[in-house]
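So the structure is just underneath, and the comments pick up after that.
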Amino acid sequence: QVQLAESGGGLVQPGGSLRLSCAASGSIFSINDMGWYRQAPGKQRELVAGITSGGTTNYADSVKGRFTISRDNAKNTVALQMNGLKPEDTAVYFCNVQVRQSLVHGPDDYWGQGTQVFVSS
């Protein structure tokens, strides 16, 4: 079993910053891609940022230049630094991790429970 623990959401004023963190634990042989998705009310879940095991990153156009994704392979964690937050960034943010539990098992997708980010004055 693999568990993901997210933290860092909350209420922030426009222009403010938040840092989301996600830690993976359990039966982990290796981790491939890690990423953050978000889902606003009435909208589909969308990719915000992703990072490969080698550190290559990709971002949604709407967050480029404002958000930074990073990972610590030794600790099995992924973080999302969000600066210059806008009301349209309001959503539930989910971390996603692709885990191999052995050389011949996976990778499988695992999701965090979600953390609410609310941007409002």
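The value of relative contact order for the chain, using C-alpha pairs under 8 Å at least six residues apart, is 36 percent. Taking 29 Å as the straight-line reach from the Cα of Lys75, the lysines in range (excluding those fewer than 8 positions away in the same chain) are Lys64.
The simple spin-label model puts a point 7 Å past each Cα toward its Cβ; for Asn83 and Ser120 those points are separated by 2.7 nm.
The heavy atoms of Leu47 offer some 70 square angstrom of accessible surface to a 1.4 angstrom probe. Between Thr52 and Arg19, the modelled label-to-label distance comes to 2.7 nm, taking each label 7 Å out from Cα in the direction of the beta carbon. Between the C-alpha center of region 101-121 and that of region 23-83 there is a gap of 8 Å. Working from label points 7 Å from Cα in the Cα-to-Cβ sense, the Arg100 to Ala74 distance is 2.2 nm.
The values are calculated or read from the model by the stated rules, or taken from the named source; none is laboratory data. Treat the numbers as computed from the prediction; the structure is a model and nothing was measured. All Cβ positions, glycine included, derive from the backbone under ideal geometry; neighbour counts span all protein chains shown. Please note that ligands, DNA and RNA were not included when accessible areas were found on the heavy atoms of the full protein model with its side chains. Shrake-Rupley method; radii C 1.70, N 1.55, O 1.52, S 1.80 Å.
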